[in-house]
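The values are calculated or read from the model by the stated rules, or taken from the named source; none is laboratory data. Predicted model, so just to flag it, every value in this text is computed and none were measured. When we count neighbours, we look across all protein chains shown, and the Cβ atoms used for this are built from the backbone with ideal geometry, even at glycine. To get the accessible areas, we keep the full protein, side chains included, count just its heavy atoms, and leave off ligands, DNA and RNA. Shrake-Rupley method; radii C 1.70, N 1.55, O 1.52, S 1.80 Å.
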Amino acid sequence: MKKGIIVRLQFEGYHAWLGAPKECEFLKSVHRHIFHVEAYAKEIASRGIEFITFKKRLQVVVKDQFDGKMFHFSCEEIAEIFLNTYPELYKVVVWEDNENAGYAER
């Protein structure tokens, strides 16, 4: 049996997709989203990772790199940053305005 935890958080961010195709050229301009993050971690030794504690750790990355800031990362790249920062994670899904998402997975 596999077990794990899922932590969700959200943040406001501004980004632009400089390589947007012609039919979506508006995405080349800076625009705002509320990004919703779902972070999946493997359970370690009977809840070795506590939800609240782990969410606080994830929020440090949000505060330092994304919250209310301008960046040029896609949802998949944001997910990859979380994966590279926290080895406990095996999958991260990042949603734009809770509508469309990208993910990274080990």
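When both bridge partners sit in the chain, DSSP labels roughly 95% of those beta bridges antiparallel. Assuming charge only on the beta carbon of Lys and Arg (+1) and of Asp and Glu (-1), the dipole of the chain about its Cα centre is about 460 debye to the nearest 20.
A Förster radius of 35 Å combined with the Cβ-Cβ distance from D67 to K2 puts the calculated FRET efficiency at roughly 0.65. Summing Lys and Arg as +1 and Asp and Glu as -1 over all other residues whose Cβ lies under 11 Å from the Cβ of T85 gives a net charge of -2. Stretching the chain fully between E50 and S74 yields a gain of 5.8 nm (0.36 nm per residue, less the alpha carbon separation).
The apolar share of the surface of the chain, taken as the fraction of accessible area on carbon and sulfur atoms (1.4 Å probe, ligands and nucleic acids excluded), comes to 51 percent. Among F11, F26, F82, the largest mean-square fluctuation in a Gaussian network model of the chain (Cα springs under 10 Å) belongs to F26. Candidates I78, I5, I49 compared by Cα position along the dipole of the chain: farthest toward the positive end lies I49, with charges placed on Cβ. Relative to the longest principal axis of the Cα atoms of the chain, the long axis of helix 51-65 makes an angle of roughly 30 degrees.
Pairs of Lys residues in the chain are counted when their Cα atoms are under 13 angstrom apart and they lie 8 or more places apart or on different chains; the count is 4. Solvent exposure of region 13-106, expressed per residue, is 61 Å² of accessible area, with all protein chains present and a 1.4 angstrom probe.
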